[in-house]
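Notes follow the structure.
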Amino acid sequence: LKQMAEQPQGTADGQGGSGQASKEPELPAPEMHIVDMPREEADFALDIAKKGVISLFKNERRSFCEVAQFIKKEFDVAYPGAWHVFVGKHFGAWVTHEAHKLIYFHIGQAGFLIYRHG
């Protein structure tokens, strides 16, 4: 019954789902841990991180390291300064950052730590 209950939802999303299937996979909702940056920058971080994760699904990038490099380059262009980016499933960090220039969140199992310093 559980599968049957889930299938109609998939069917209801079928119209949007078939368009999404050709576009990009559905990602889990981001889990925000620390947001110490303006909303515009935080939204930019989430958008770029989602694009990075989707690029892994599409095999456009092969590792979290390549996703981190992509995010850093995008931040360097959009918000000048020395941005630092960690992406992965397991990492610890203790960093010095500029005031109001740090965000830490997860999308699924992937953690993202983005901050500016320097």
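The values are calculated or read from the model by the stated rules, or taken from the named source; none is laboratory data. The structure displayed is predicted, hence computed values, not measured ones. A quick note on method: Cβ atoms are made from the backbone with ideal geometry, for glycine too, and the neighbour counts reach across all protein chains shown. Areas reflect the complete protein model, heavy atoms only, side chains present, ligands, DNA and RNA absent. Shrake-Rupley method; radii C 1.70, N 1.55, O 1.52, S 1.80 Å.
A search for C-beta distances below 9 Å between a residue of segment 95-112 that is more than 14 Å from Met32 (Cβ to Cβ) and open to solvent by less than 50 Å² (accessible area, probe 1.4 Å) and any residue that is in a loop (DSSP other than H, G, I, E, B) and aromatic (Phe, Trp, Tyr), counting only pairs 6+ apart in sequence or on different chains, returns Lys101/Tyr79.
Looking at Asp47, Asp76, Asp43, which one is open to solvent by 50 Å² or more (accessible area, probe 1.4 Å), without any contact (Cβ under 8 Å) to a residue 12 or more places away in the chain and in contact with a strand residue (DSSP E or B) (Cβ under 7 Å, 6 or more places away or on another chain)?
Details: Asp47 fails: in contact with a strand residue (DSSP E or B) (Cβ under 7 Å, 6 or more places away or on another chain); Asp43 fails: in contact with a strand residue (DSSP E or B) (Cβ under 7 Å, 6 or more places away or on another chain).
Testing whether each residue is open to solvent by 50 Å² or more (accessible area, probe 1.4 Å), without any contact (Cβ under 8 Å) to a residue 12 or more places away in the chain and in contact with a strand residue (DSSP E or B) (Cβ under 7 Å, 6 or more places away or on another chain) leaves just Asp76.
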